[in-house]
Amino acid sequence: MLKIVDRYIVKKYLGTFGFMLILLSVVVLVIDVQQKIPRIETATAIDPKLNVTYFLIHFYPFWIVNLVMTFLSILVFISVIYFTSRMANNTEIVAVISSGASFHRFARPYLITSLLIAVISLIINHFVLPWANIKKNQLEAYTYNATAKEKVLGTAPVSAQLSTKEYVFINSWNKREKRGSGFVFQKFDKNRKMTYELKASDVVWDKDKKQFVLNSYTEKTINKNDAEKLSNGYDLKKSFGHDPDELFPNELLGQNKTTPELVKFIQRETEKGNSNLNAHLNELHQRTSMPISIIILTFLALSLSSQKKRGGLGINLALGISLAFVFVFSFEALKVVSENKSMSPALAMWFPNIVFFPLAAYLYIKRANQ
């Protein structure tokens, strides 16, 4: 009998979760497309192929994957509250417990299903989602408002620390066209004294040869006796080991890398002395903390909704949605706190789980002992 009940609960769990998943995807897709059509039309003026149909095929499928993985734990939480509340209102849970099964035994299919979803989510977060993000991030800036779009695609000063002794500065760099003006490369010795400087009026990235092409350049080498050696020319090809996206990363770069790639990137930037890595560290820790939250929120939802109470399904859903809002808001707020270096990324991305785990454990034990 219990095996039949297990299959019944797993079917309810996955069926409700699947329905919520499809419903969220369709509703959010329709709303977002309608809202962003004017911005997409602006992109069409820049490039005729960037029309609504193109975005529906080449952007929104990957955007939906990102959205679903971001809110997966909340979808699970609300799904469990919904179908468990219905079971409680129909006295199905009472019937199972009355047959001699303990509450712990009743909760076993919840554990198995949440573990399954969590493991799949872990794999997707670490290895599949970055591929989807690459596709999404190629076009996402065109859906931003003018200010945000200019920040991602427009022209701005950029700089990079190549090592503890080497620096690159570009006074005006266009991120979409990958060209700029006012290029400076400087090298220092261990005493922080400049030993070499390369300046160029214009710089452009050659994606075929994977090199920077410097125009109207001037080189200055400073010897130990402070004697300067000058040279100049019109065309110089220079490689700094990485493409512009790696040299001048934005917050989206971490999303595009699989976890092994992201770990190597963070290690490399740390060795270079780059201390502005909290956004990428947040991304790294969130890929694991969010799937773990699926298990925690499953048992929190089970504990809250497995008893028939006055108000029934409505009160449980209201409580569930409120807690879901607190959970999501805390993640987003802690990201900002971490990026401002007021909290370590590891603590920030695990803090909601640290808070919700004791709450879920307490309510589960309390429910099991009733």
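The values are calculated or read from the model by the stated rules, or taken from the named source; none is laboratory data. None of the values given here were measured: they were computed from a predicted structure. Using ideal geometry, Cβ is built from the backbone for each residue, glycine included, and neighbour counts are taken over all protein chains shown. For the accessible areas, the whole protein counts, side chains as well, though only heavy atoms, and no ligand, DNA or RNA atoms are used. Shrake-Rupley method; radii C 1.70, N 1.55, O 1.52, S 1.80 Å.
Below are the figures for this structure:
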{"read-out": "Matching option when the condition is out of contact with any Leu (no Cβ under 7 Å at 6 or more places or on another chain) and within 22 Å of ARG39 (Cα to Cα), among ASN137, ASN125, ASN133", "value": "ASN133"}
{"read-out": "Some residue of the range 169-186 being open to solvent by 50 Å² or more (accessible area, probe 1.4 Å), among the polar types (S, T, N, Q), over 21 Å from PHE62 (Cβ atoms) and touching a residue at least 12 places away in the same chain (Cβ under 8 Å)", "value": "yes"}
{"read-out": "Some residue of the range 177-185 being closer than 16 Å to SER239 by Cβ and among the charged types (D, E, K, R)", "value": "yes"}
{"read-out": "Residue check, GLU166 at pLDDT below 95 and within 14 Å of the chain's Cα centre (by Cα)", "value": "no"}
{"read-out": "Residue list for the range 242-270, filter: open to solvent by 60 Å² or more (accessible area, probe 1.4 Å) and either closer than 16 Å to GLN286 by Cβ or in contact (Cβ under 8 Å) with a residue 40 or more places away in the chain (or both)", "value": "ASN250, GLU251, GLU261"}
{"read-out": "Some residue of the range 205-215 being within 19 Å of SER275 (Cα to Cα) and surrounded by 15 or more Cβ atoms within 10 Å (Cβ to Cβ)", "value": "no"}
{"read-out": "Residue match in the range 242-262 (condition: in a loop (DSSP other than H, G, I, E, B) and in contact with a Pro (Cβ under 8 Å, 6 or more places away or on another chain))", "value": "yes"}
{"read-out": "Contacts under 9 angstrom Cβ, first residue in the range 120-131 being surrounded by fewer than 17 Cβ atoms within 10 Å (Cβ to Cβ), partner not in a helix (DSSP H, G or I), 6 or more apart", "value": "PHE127/THR258; VAL128/THR258; TRP131/THR258"}
{"read-out": "Unique match (being in contact (Cβ under 8 Å) with a residue 24 or more places away in the chain and open to solvent by 40 Å² or more (accessible area, probe 1.4 Å)) among TYR60, TYR54, TYR82", "value": "TYR82"}
{"read-out": "The range 309-322, subset part of a helix (DSSP H, G or I) and open to solvent by 40 Å² or more (accessible area, probe 1.4 Å), residue modelled with the highest pLDDT", "value": "SER322"}
{"read-out": "Test for THR288: is it β-branched (Val, Ile, Thr), closer than 17 Å to PRO130 by Cβ, assigned to a helix (DSSP H, G or I) and open to solvent by 40 Å² or more (accessible area, probe 1.4 Å)", "value": "yes"}
{"read-out": "Residue match in the range 136-146 (condition: under 26 Å from ARG287 (Cα atoms) and either in contact with an Asp or Glu (Cβ under 6 Å, 6 or more places away or on another chain) or surrounded by fewer than 16 Cβ atoms within 10 Å (Cβ to Cβ) (or both))", "value": "yes"}
{"read-out": "Test: residue in the range 328-346 that is loosely packed, with under 12 Cβ neighbours inside 10 Å, at pLDDT below 95, hydrophobic (A, V, I, L, M, F, W, C) and under 24 Å from ILE81 (Cβ atoms)", "value": "yes"}
